[in-house]
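The values are calculated or read from the model by the stated rules, or taken from the named source; none is laboratory data. Computed from a predicted structure; not experimentally measured. Using ideal geometry, Cβ is built from the backbone for each residue, glycine included, and neighbour counts are taken over all protein chains shown. Areas reflect the complete protein model, heavy atoms only, side chains present, ligands, DNA and RNA absent. Shrake-Rupley method; radii C 1.70, N 1.55, O 1.52, S 1.80 Å.
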Amino acid sequence: MDQDLFLQIPLDSKQIIELFTQATNWQERYRQLMLLGKQLPRLPQEQRTPQAQVQGCESDAWLYHCQYNRQHYYLGDSDARIVKGLIVLLLAAFNGKNTDEINAFDHDDYFEHLGLSGQLSPSRTNGLHALIKVIKYYANAQIKS
Amino acid sequence: MQLAFKEKILEDQHANFFMTIFWTALMDFTPVRTQFPTLTQTFNGYPLCYLDTAATSHKPQRVLNAMTQFYLKNNANVHRAAHQLSSQATRQYEAVRDQVMDFIGAQHREEVIFTHGTTEAINMVAHGLTQYIDSGELILVDSLAHHANIVPWQVLAKQTGAIIKPIPLTKEGRLDLLAYDALLKQKPTIVALSHVSNALGILNPIETLVAKAKAVNAITLVDGAQAVAHMNINVQQIDCDFYAFSGHKMYGPTGVGILYGRLEILDSLNPLITGGEMIKSVTFEKTVYNTLPNRLEAGTPPIAEVIGLGEAIAFLNDIPAIEKIYHEKELLQYLQDQLKAIEGIILYGAHPDNIGAVAFNLHNEHHQDVGVLLDQQAIAIRCGHHCAMPLMQTLNIKGCCRASIGIYTNKQDIDCFMTALNNVITLLH
Ligand SMILES: Cc1ncc(COP(=O)(O)O)c(C=O)c1O
């Protein structure tokens, strides 16, 4: 896979939080979320494979990972717009971070700040929990070079 | 004159009729709705708009009261102790069996078995019929079926070497009667049908389907989970061997359901669950099973839930059936019409004779996105595969949105829903 693709999310979590603090109601928050999702490059069909698929999402979602030195980079896609937006929020938080930083990241607090904590309840089928789990799994897996 | 016409419709409710009916329910349903305390809530400042009755219905206050009263006054185990409390509880529990018998038009009280729900009821039948089916024999399953009416048959097929064949659908989402006739020529041993499809709201011509199956001596099971709350059920008229449904979809509590079975065949079912209550005598060498209905009700039953179900039936019986049917018919028609007017909407199998539910997608939009954005506005609908993945495969979709109604639904709910859906469409564009 084209490695440059992994570097395409130019925002970090602070900028994301800033964006969302400006939103005054749910419509603006979700519009923002879906706009962010649009920034995510569409994964070509041949990369939407079952191996890359994240289990536990009602929509289909795929996640790829690569590592430069000690830093982890992720790339994902989904066929649902809101999940795509959620993936951008996660990439903004986790891309370029090392394993310790990823493990220490308080995602509950993050989504609380974004006004999206309702998305986090475990009964939701959006797969946010599943995505976070896979992100952490990759970050902690022994990467063979 | 109009009333006579209404009665005729009531008689014909199992048939498909394609006429436009200009009739407004005579009854004011506002006092019915006010009996449901959960419906007065708000979420994020929006009043709750509950259009997910097909998943589970809300419960009227009197059902909650009946269950509380049971625990406050009559709580005891049934069929066991010699004390007064127990005999009071047993009397109350057994009275509900009579109520259910009347409610579905069964012939004998022993034909009514309390289960934990539709799923358990169908599992009891599939397991219980093991000795009736041999390797290579055929089980026909409705393509509209809920997983609860598919998976137990797959297990039976796996255990016995029987073969499952789906009854195909027409383009309109109805069961393909020609294909059904062709399949019946292969002399299936069991035919498993749904009365009303949970995903699409399609009403099967159940009496015709059962009659055709019986003509080739097949054993028939009808999943009535989505039918009982919305129409008059008469199992003798349907003439099926088994009929299953859940209490929680008919304004009763969760954890209780009914298996109706024609006496002779019910009596020959091999019990799925064995233990206390279902035995006549036990020695370590030999156990003799009790007679029906106890034989199929091992263990302590969900007593308070059975009492709650009885109250739910009383609640339904207090509303003239014809009024209920018309009220819901009018609402569903209104809902279908409103949805159809939206540009870029796709409705699945939306026919005038459908019951309770309408399934749709917005063109090029994921059903989950629609669901999340509706939820922000306190609209409760179901988005997903509706436990009917084979049906979704037939429709060639991953899932869809389903709005479903109940006796407490009003026109305002539907207007609320339409406003919210239009907000979603604006947001997505
Ligand atoms: C048609 C149909 N069959 C079976 C079931 C399963 O019912 P329960 O979960 O109450 O056992 C449902 C409920 O979703 C249903 O709609």
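Residues B:Leu263, A:Leu89, B:Leu183, B:Leu272 ordered from highest to lowest accessible area at a 1.4 Å probe: B:Leu272, B:Leu263, B:Leu183, A:Leu89.
Modelled spin-label separation between B:Val216 and B:Gln131, with each label point placed 7 Å from Cα along the Cα-to-Cβ direction: 2.6 nm.
Mean residue ellipticity, 222 nm, helices only, the protein assembly as shown: the sum of -39500 (n - 2.57) across DSSP H runs of n ≥ 4, divided by residue count and rounded to 500, is -11500 deg cm²/dmol. Taking a ≥ b ≥ c as the square roots of the eigenvalues of the Cα gyration tensor, an a/c ratio of 1.5 or more together with a/b no larger than b/c marks chain B as oblate. With respect to chain B, whose longest principal axis is taken over its alpha-carbon atoms, helix B:321-340 is tilted by about 40°.
The slack in the chain from B:Ile279 to B:Ile163, taken as 0.36 nm per residue of separation less the alpha-carbon distance, amounts to 38.4 nm. Length gained on full extension, B:Thr30 to B:Asn234, computed as 0.36 nm times the residue gap minus the Cα-Cα distance: 70.6 nm. A cut-off of 5 Å between modelled amide H atoms, ignoring neighbours fewer than 5 places along the same chain, links A:Arg48 with no other residue. Go ahead and run the numbers for FRET between B:Thr254 and A:Lys133, Cβ-Cβ distance against an R0 of 45 Å, rounding to 0.05. For B:Thr254 and A:Lys133, the calculated efficiency is 0.90.
By the compact-protein rule of thumb, 2.2 N^0.38 Å, the alpha-carbon radius of gyration of the range B:63-317 corresponds to a ratio of 1.03. Remark: for residue pairs B:Lys158/B:Lys286; A:Lys97/B:Lys398; A:Lys14/A:Lys38; B:Lys187/B:Lys329, the C-alpha separation exceeds 25 Å in B:Lys158/B:Lys286; A:Lys97/B:Lys398; B:Lys187/B:Lys329. Averaged over the residues of B:369-378, the number of partner chain Cβ atoms lying within 10 Å of the residue Cβ comes to 5. Which FRET efficiency, nearest 0.05, do B:Thr394 and B:Ala182 yield, Cβ-Cβ r, R0 22 Å? Efficiency, from the Cβ-Cβ distance: 0.80. Here each label is just a point 7 Å from Cα along the line to Cβ, and for B:Ala95 and B:Thr42 those points are 4.1 nm apart.
Distances between placed amide hydrogens fall under 5 Å for B:Tyr289 paired with B:Lys280, all partners being 5 or more residues away or on another chain. For B:Asn364 and B:Gln412, the FRET efficiency from 1/(1 + (r/R0)^6), where r spans their Cβ atoms and R0 equals 30 Å, is about 0.50. Largest accessible area first, the residues B:Ile319, B:Ile279 order themselves as B:Ile279, B:Ile319 under a 1.4 Å probe with ligands, DNA and RNA left out.
Rounded to the nearest 20, the size of the Cβ-charge dipole of the range B:71-148 about its Cα centre is 560 debye, with Lys and Arg at +1 and Asp and Glu at -1. With 24 Å as the limit, the listed pairs B:Lys165/B:Lys185; A:Lys84/B:Lys340; B:Lys214/B:Lys249 have A:Lys84/B:Lys340; B:Lys214/B:Lys249 beyond it between alpha carbons.
Inter-label distance, A:Glu28 to A:Asn103: 3.9 nm, where each label sits 7 Å from its Cα along the C-beta direction.
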